[in-house]
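The values are calculated or read from the model by the stated rules, or taken from the named source; none is laboratory data. Because the structure is a prediction, the values reported are computed rather than measured. Methodologically, a virtual Cβ is constructed for each residue, glycine included, from the backbone with ideal geometry; neighbour enumeration extends over all protein chains shown. Note: accessible area is taken over every heavy atom of the protein model, side chains too, but ligands, DNA and RNA are not part of it. Shrake-Rupley method; radii C 1.70, N 1.55, O 1.52, S 1.80 Å.
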Amino acid sequence: MKNIRIAVLGMNQGYKFAKDALTIPGVELVAVAGNNEQAERRAQELEVPLYKNYQELIEECQDLDGIIITLPNGLHREVVELCAEKGIHVLVEKPIAATVEDAETMVNAARKNQIKLLVGHHRRFSNKLIKLREIISSGALGELTGVNMLYMLAKDHSYFSEKWRLTQGGGPMLINGIHDIDTLLFVTGLTIKSAYTVMQNKIRNNPVEDTAAIILETVEGPIINYFLSDGTPSPWSYDSTAKENPKFAQYEENCYKIFGTKASIAFPSFEIYTYDENHFGWEHKLQKSKVEVVDNDPMMAELLHFINILNGKAEPFVTGEDGLETLKVITAIKSSAERKQKVEINLYQQKKKITQ
């Protein structure tokens, strides 16, 4: 059996994909793309050719089975269209695109050219989130009534040395919040129908937001309350509590709480609170139980899944339509803050725009 031949575009987020690919039997890392000194150093370490122009890589590298795209969001559409025309399957980092219109075009291009499009919402490969989804879908919590989500932390001062992080699109909503929104959609299966958002930039006084409070309504009924900031010392974020990325300091805290008519659960502690069926109500003491989950590396799991797609053994677990739905919600959240009013989201109409 021939090796699966892949390339990675972008040596920031893409560096981990490239390193991990070298450890997978039957996978050949053909080349990488990047245009700065860091990319040069990392390509030398990986011992693979470096292309400063990703278009040249796509054109010159023959018989590529798949390409992993970790380039700036605004380039996602162009690269996916180039790959689709050449019949190359793609894993594109989140968000799927910079705009809903670009995302629609990408989904249509993939379908038209019959390539597989996997969107890099890697948390969906987390054992913890898969278990949380199983618990919710089993009915153990009863009917969902609401969700409380926090993403509160303080990023290093050096993080903001890159100017794009100080302008629109570089704030915590699109960089971090999109992960939490996608997580919400994945574990609950809920459909968001409207968003109301208040955003502030008072911590650093840059054009982009540093704090946001969001209320999401769902078609099914539960209400979501979400608060995030990247300038507040706090242990309450997915990155600090899930313990899946060694880059972050880790804490024994929770970032999500999900409420139901039978029980409520805290994540990632998996502490479940409920009543004995014969002693229900606030006069009685809640019963507490805990579910144990074996940790994994979601990004490696995502990469292995992509290789299985290229081998013809799997279909994308996170489809272009999934990425589009998440982007649609994020777009509405940001639009609500700009317009200072509630914004309706017609996901059903949105899905109809995707060519069948």
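Points worth noting:
- The range 283-305 - residue that is over 24 Å from the mean Cα position of the chain (by Cα) and not in a loop (DSSP other than H, G, I, E, B) and, of those, farthest from G74 (Cα to Cα): Q287
Residues checked against (1) of a type outside the set (S, T, Y); (2) within 30 Å of K288 (Cα to Cα); (3) out of contact with any helix residue (DSSP H, G or I) (no Cβ under 8 Å at 6 or more places or on another chain):
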site	(1), (2), (3)
C83	yes, no, no
P95	yes, no, no
K112	yes, no, no
L132	yes, yes, no
I135	yes, yes, yes
L144	yes, yes, no
K155	yes, no, yes
V187	yes, yes, no
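- The range 31-59 - residue that is more than 20 Å from W164 (Cβ to Cβ) and among the small types (G, A, S) and, of those, surrounded by the fewest Cβ atoms within 10 Å (Cβ to Cβ): A43
- For N296, the requirement of being within 30 Å of G26 (Cβ to Cβ) and without any contact (Cβ under 8 Å) to a residue 12 or more places away in the chain is not met.
- For the range 1-25, a residue qualifies if it is open to solvent by 80 Å² or more (accessible area, probe 1.4 Å), at pLDDT below 95 and either part of a strand (DSSP E or B) or over 23 Å from P246 (Cβ atoms) (or both), and the qualifying residues are M1, K2.
- First in the range 182-204 and without any contact (Cβ under 8 Å) to a residue 40 or more places away in the chain, second anywhere and of a type in the set (D, E, K, R), Cβ under 9 Å, 6 or more apart: Q200/E209; Q200/D210; N201/E209; N201/D210; K202/D210; I203/D210; I203/D230
- Complete set of residues in the range 245-282 that are at pLDDT 95 or above, acidic (D, E) and not in a strand (DSSP E or B): E252, E253
- Number of the condition not met by N206 [criteria: (1) at pLDDT 95 or above; (2) more than 19 Å from I330 (Cβ to Cβ); (3) touching a helix residue (DSSP H, G or I) at 6+ places or on another chain (Cβ under 8 Å)]: (1)
- E28 vs. criteria in a helix (DSSP H, G or I), open to solvent by 40 Å² or more (accessible area, probe 1.4 Å) and at pLDDT 95 or above: no
- Selected residue [out of contact with any His (no Cβ under 8 Å at 6 or more places or on another chain) and outside any loop (DSSP other than H, G, I, E, B)] from K202, K193: K193
- Within the range 323-356, the set of residues being modelled with pLDDT under 95, part of a loop (DSSP other than H, G, I, E, B) and exposed (fewer than 12 other Cβ atoms within 10 Å of the Cβ) comprises T355, Q356.
- The range 145-171 residues that are open to solvent by 20 Å² or more (accessible area, probe 1.4 Å) and of a type in the set (G, A, S), paired with ones that are at pLDDT 85 or above and part of a loop (DSSP other than H, G, I, E, B) (beta carbon under 8 Å, 6 or more apart): A154/D230; A154/T232; A154/P233; A154/S234; G169/A98; G169/V208
- Looking across the range 283-341, the residues that are of a type in the set (S, T, N, Q) and within 30 Å of T211 (Cα to Cα) come down to T319, T326, T331, S335, S336, Q341.
- Picking from residues in the range 230-258 that are basic (K, R) and under 20 Å from V187 (Cα atoms), the one that is least open to solvent (accessible area, probe 1.4 Å) is K243.
- When F227 is tested against (1) open to solvent by less than 30 Å² (accessible area, probe 1.4 Å); (2) within 26 Å of G170 (Cβ to Cβ), only condition (1) is not met.
- The number of residues in the range 306-322 being open to solvent by less than 30 Å² (accessible area, probe 1.4 Å) and either within 14 Å of the chain's Cα centre (by Cα) or within 19 Å of V8 (Cα to Cα) (or both) comes to 7.
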